[in-house]
Amino acid sequence: MNLAHVLADRAAQYPERTALLFESERISYRELDRRAAVAAAALHARGVEADDRVAIKLPNTPDYVAAYFAVLRLGAIAVPLNVLLAEPEIDARLETATPRAFVDRPLPGDGEPHVEIAERDEDDPAALLFTSGTTGRPKGAILTHAGIRAAARFGADALGFTPDDVLLGVAPFPHVLGQQVFVCALLVGGGVAVMQRFEPEVALETMTSTRTSVVFGVPTMCIALCEAARSAEALPPLRIAHIGGSAVPVDVVRRFEETFGAAIHEGYGLTEMSGLATTFAFGRRRKAGSVGRPSSATEIRIANADERGVGEVQFHGPSVIRGYWNDSEATAAAIDRDGWLSTGDLGYLDEDGDLFLVDRKKEMIIRGGYNVYPREVEEVLYEHPAVLEAAVVGVPHESLGEEVAAIVVPRPGAEVDPEELKAWTKEHVAAYKYPRHVVLVAELPKSPTGKILKRSIDRDALLGDGVPGASDREART
């Protein structure tokens with residue numbers, strides 16, 4: 001059950017097929033497996049054995065993939081660290097994981113390989129991926145060999161991946177989305193077009209030159225690629241874009257599909273599910289606003305549903321994490337005795353069993369006793385022709401408890417008035433939902449994967465002189 005067999009088996013099956021495309025390099029499965037085996041030998045010489053943790057702090061490169069599978073080959077546990085983390089953030093993660101080795105530069109590419117692949121049980125830890133840490137210290141989620149494989153197999157099967165597919169590998173590999181990309185691709189013998197960071201114009205050129213057919217990403221990536229495509233000389237042969245992280249506005253779906261001729265499939269993934277949790281299977285009719293269903297091996301339920309059927313989304317299945325490393329309290333809070341994972345996300349199931357996400361449980365706004373789900377308001381804002389990006393949050397209010405505020409990035413060259421946006425939204429949602437505060441900014445804070453980070457927005461500043469650090473384009477009402 002060692003996940004390292006994913007690479008070794010494909011190297012035996014497709015030795016000369018291209019596994020990774022990076023800048024001018026074209027690395028075959030045989031070569032990638034050899035590099036992983038040589039790197040494993042180097043780690044073994046440093047005393048790394050089964051069950052040891054090995055921290056990997058490398059950018060998206062072939063060296064990262066080789067190091068990741070080298071760790072697994074020894075039966076050790078990979079601890080991926082994003083290169084953008086600050087030193088105190090790295091120290092906190094190292095203190096939790098207590099790794100035997102720390103890989104912050106490429107491991108040797110030449111030498112005698114470590115041929116043997118350590119035996120592992122399906123529930124043995126393969127990787128510790130740290131959560132974003134929205135409150136308190138980040139927690140190390142324990143992803144198992146079977147769990148990572150199950151999430152990747154679900155994605156590959158549902159989206160119809162073949163050895164001819166090339167997936168864009170631009171999401172940070174230490175993130176669960178980035179991991180999903182390269183494990184999915186290697187599972188079926190496909191390729192990964194590796195990029196260290198997302199720059200729309202460069203990404204589009206890379207996708208075109210590598211004939212990328214599949215994109216895993218977030219809505220902001222779709223928006224940026226559509227803008228870049230307006231001046232591009234050629235476009236890649238995309239067939240599908242799997243988008244998650246937040247709801248994809250209807251207008252964004254339309255523009256992307258018209259631009260690239262590729263279907264957008266909304267999905268739902270999270271670290272605690274080892275990757276992809278739900279999606280719409282390729283060829284199945286998609287439903288606007290829905291993220292589809294889980295795999296047949298995974299159960300889903302809605303806990304503590306209200307009169308609308310909205311409640312907390314919970315999962316039970318093979319890709320649920322074992323818990324959090326050395327944190328029994330956090331584990332018990334997230335996973336009950338029967339193995340059901342509480343996601344902290346709110347949603348409902350329709351008559352077909354398809355999941356519709358409403359919002360994060362912690363991001364729901366309670367205005368004067370009424371529940372306001374930010375996604376509903378954001379969807380309306382995205383329909384305005386002058387809006388490029390939007391985030392809706394709650395801000396303190398003396399009598400109502402919370403008030404609705406919207407932070408908006410206008411389209412390049414567009415003129416937009418905050419009062420107009422308020423009036424636009426008011427026409428489309430209930431009176432208690434429309435934003436009483438609208439702020440225009442040049443950009444919104446984002447994670448390395450491109451997901452809008454609402455937790456980084458200063459709520460108090462929205463009621464003062466605007467958003468700190470925003471450009472002079474901002475305006476406040």
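The values are calculated or read from the model by the stated rules, or taken from the named source; none is laboratory data. On a predicted model such as this, the values are computed, not experimentally measured, just so you know. Cβ atoms come from the backbone with ideal geometry, glycine included; neighbour counts cover every protein chain shown.
Just a few scattered comments:
- Counting residues in the stretch 1-16 that are modelled with pLDDT under 95 and of a type in the set (A, V, I, L, M) gives one or more.
- Flag if Ala241 is in contact with a Gly (Cβ under 8 Å, 6 or more places away or on another chain), in the same structural domain as Leu129 (by TED's automatic domain parsing), closer than 30 Å to Gly147 by Cβ and outside any strand (DSSP E or B): no
- The stretch 324-337, subset without any contact (Cβ under 8 Å) to a residue 24 or more places away in the chain and out of contact with any strand residue (DSSP E or B) (no Cβ under 7 Å at 6 or more places or on another chain), residue farthest from Ala92 (Cα to Cα): Arg337
- When the stretch 57-82 is limited to residues that are of a type in the set (S, T, N, Q) and surrounded by fewer than 23 Cβ atoms within 10 Å (Cβ to Cβ), the one that is farthest from Asp33 (Cα to Cα) turns out to be Asn82.
- Taken residue by residue, the stretch 148-161 has no member that is out of contact with any Phe, Trp or Tyr (no Cβ under 9 Å at 6 or more places or on another chain), in the same structural domain as Lys57 (by TED's automatic domain parsing), over 18 Å from Met1 (Cα atoms) and buried (at least 24 other Cβ atoms within 10 Å of the Cβ).
- Test: residue in the stretch 301-313 that is touching a residue at least 40 places away in the same chain (Cβ under 8 Å) and more than 19 Å from Tyr373 (Cβ to Cβ): no
- Condition met for His265 (under 19 Å from Gly178 (Cβ atoms), part of a strand (DSSP E or B) and within 11 Å of the chain's Cα centre (by Cα)): no
- None of Val393, Val408 is modelled with pLDDT of 90 or more, in the same structural domain as Pro374 (by TED's automatic domain parsing), closer than 25 Å to Arg230 by Cβ and not aromatic (Phe, Trp, Tyr) except Val408.
- Where helices (runs of 4 or more DSSP H) fall entirely within the stretch 352-467, those with at least 1 residues that are free of Cβ contacts under 8 Å to residues at least 24 places away in the same chain and over 22 Å from the mean Cα position of the chain (by Cα) are at 418-428, 459-462.
- Here Val409 meets each of (1) touching a helix residue (DSSP H, G or I) at 6+ places or on another chain (Cβ under 9 Å); (2) within 26 Å of Phe216 (Cα to Cα); (3) buried (at least 20 other Cβ atoms within 10 Å of the Cβ); (4) not charged (D, E, K, R) with one exception, condition (1).
- Entry remark, the stretch 313-336: residues being acidic (Asp, Glu) and buried (at least 19 other Cβ atoms within 10 Å of the Cβ) number 0 in total.
- Qualifying residue in the stretch 116-127 (condition: surrounded by fewer than 24 Cβ atoms within 10 Å (Cβ to Cβ) and either among the hydroxyl-bearing types (Ser, Thr, Tyr) or touching a Pro at 6+ places or on another chain (Cβ under 8 Å) (or both)): no
- Filtered residue count, the stretch 32-56, keeping only those that are basic (Lys, Arg), within 23 Å of Leu21 (Cβ to Cβ) and surrounded by fewer than 23 Cβ atoms within 10 Å (Cβ to Cβ): 1
- Near pairs, Cβ below 6 angstrom, 6+ apart or cross-chain, from the stretch 106-135 (over 16 Å from Asp327 (Cα atoms)) to any residue that is assigned to a loop (DSSP other than H, G, I, E, B) and modelled with pLDDT of 95 or more: Ile117/Asn2; Ile117/Ala4; Ala118/Ala50; Ala118/Leu74; Ala118/Gly75; Arg120/Asn2; Arg120/Gly75; Ala126/Leu3
- Cβ-Cβ distances below 9 Å connect the following pairs, each with a first residue in the stretch 211-233 that is in the same structural domain as Glu23 (by TED's automatic domain parsing) and farther than 27 Å from Arg26 by Cα, a second residue that is assigned to a helix (DSSP H, G or I) and of a type in the set (Ser, Thr, Tyr), and a separation of six or more residues or different chains: Pro219/Tyr382; Cys226/Thr259; Arg230/Thr259.
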